[in-house]
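The structure under discussion appears below in the form of C-alpha cells.
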Amino acid sequence: MAHDASFAADEESVLLLHPHWKVLIRPVLVAILVVIAVLVVIVIIPSGSHAALERLVAGAVGILALMLWLIAPVLRWQTTSYELTTRRLRVRTGVLTRHGRDIPLARVNDVSFERGPLDRLLGSGRLVVESAGEHGQIILTEIPRVEQVHSALFRLVEEEQRRLGRQQPTQP
C-alpha cells in the first residue's frame, strides 16, 4: 500500500471506515416511493394528444427527485471517512468542500461508545472521543463495528502514551 504523504514517517493506517450503511436506508426508501409515485402518475395520465409529453415530464421530475433524495446522501456517505492511524484519529467530511479534523492519540483522555437497540441489531454505534485541547470532544455517529473500533482506539492510545513516555527525558 502506498504511503500517504500526510502521515508522519512512522505512522500507519490501522482502520479506515465510512459511516454505517444504515444511513442510506431512508434515502433508498424515499427513492422507492418516488419511483412508485412516478409510475402511478404515468399510468393514470389519460391517453390524448399531450399524453406522451406529460409522461416525459413526469419521468423527468421523478429522475430529478431521485437525484436529490438518493445521490446526495450516497455522496455524503461515500465522502465521509474515519481513519484511525498509529498516531491520530482523522475525520474527513464533505462533498464539494472538504472538512478535516485530526486528534492526536497522545491527547485522547477518554473513549466511550453507545449502542441503542437498532444499533445492536445492525452492528453500529456512536463513538465519543474526549481529548485535551480546544475542542474537547468529538462524537462520531453511525460507526460500524463500534465496539471493535473502541477497543482498537483504546489500545492505540495506550501504545502512543507508552511510546511518548519512553521518549521524554526523566526528571531528577
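Values in this text are rule-based calculations from the coordinates and carry no lab data. Please read all numbers here as calculations on a predicted model, not as lab measurements. Don't worry about glycine lacking a Cβ; one is built from the backbone with ideal geometry, like all the others, and counts go over all protein chains shown.
Here are a few things to note about the model shown:
- A helix-only calculation puts the chain at -13500 deg cm²/dmol for mean residue ellipticity at 222 nm, using -39500 (n - 2.57) for each DSSP H run of at least four residues, averaged over all residues.
- The range 94-125 and the range 40-68 have Cα centres spaced 43 Å apart.
- Sequence of Ser47, Ser112, Ser131 once ranked by neighbouring C-beta atoms within 10 Å, starting from the fewest: Ser47, Ser112, Ser131
- Once the Kirkwood radius over Cα pairs is known for the range 24-76, the Stokes-Einstein relation at 4 °C and 1.567 mPa s delivers a diffusion coefficient of 111 µm²/s.
- For the chain: relative contact order, % (alpha-carbon pairs under 8 angstrom, 6 or more apart): 21 percent
- Computed over the range 23-172, the ratio Rg/Rh where both radii use C-alpha atoms and Rh is Kirkwood: 1.25
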